[in-house]
Amino acid sequence: MDHPIAQCPFPYPRNGLAGGTTPNKPKENKPNARVYALTQEETDNSNDVVAGTMLINKIHAYVLFDCDTTHSFMSKRFAKKLGTKHDNLEEPYRVATPANRTLETRTLHWDISVLIENHNFKANVIQLNMVEFDVILGMNWLAKNHALVDCHGNMVIIQAPHQEKLLFHGKKRKRKTLLSAS
């Protein structure tokens, strides 16, 4: 949605694409997406991000709302807890990090449920080996849901389907690693 097939961020033959071709096959190993992953400590000490605990598929998750990230991501360990439907891609999906590294994954999870004030919002997320957050909701999810990130107020304002505005209040947490590298 919201882009031509040739620029599809999810290189998987879905919705009638024929022949198993990959519409967004990276050229010369260039990344398909970008992630700016703060550490949990940087998030806790920063006034310009919103993070907190919320329900993802009815399981508590530590979530970062990240306007600098092009796509949405889920940690490998959290994905195992959810047991959601996913696709294994023929071609790897490449993600650029702030440290000029490129991570590769072949796993995309479809239609995970993000619960905010008893409203479900769907998200498609790329699985990555990350340790500080369970889920990072990036610009693809924020734009789709007409979300406004209020860093000063430490909250996210989301436009519900029936024009109702919903609030998610981020919470500062004590330093604790939720996930270990796997």
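Quick notes
- Counting Cα-Cα pairs of segment 44-130 in 5 Å increments starting at 0 gives whole-percent bin shares of 3, 12, 22, 25, 19, 13, 4, 1, 0.
- The GluC sites (Glu not before Pro) of segment 88-128 that DSSP puts in a loop, and whose beta carbon has at most 14 other beta carbons within 10 Å, are E117.
- Neighbour-count order for V149, V156, fewest beta carbons within 10 angstrom listed first: V149, V156
- Listed pairs K80/K165; K58/K165; K76/K122; K85/K171; K81/K165 exceeding 24 Å between Cα atoms: K80/K165; K85/K171; K81/K165
- Each peptide in 133-141, 67-75, 118-126 gets a packing score, the mean of other Cβ atoms within 10 Å over its residues, and the list from highest to lowest is 133-141, 67-75, 118-126.
All of the numbers you see were taken from the coordinates with simple rules; none came from a lab. Remember, predicted model here, so these are calculated numbers, not experimental data. Backbone-built Cβ (ideal geometry, glycine too); neighbour counts: all protein chains shown.
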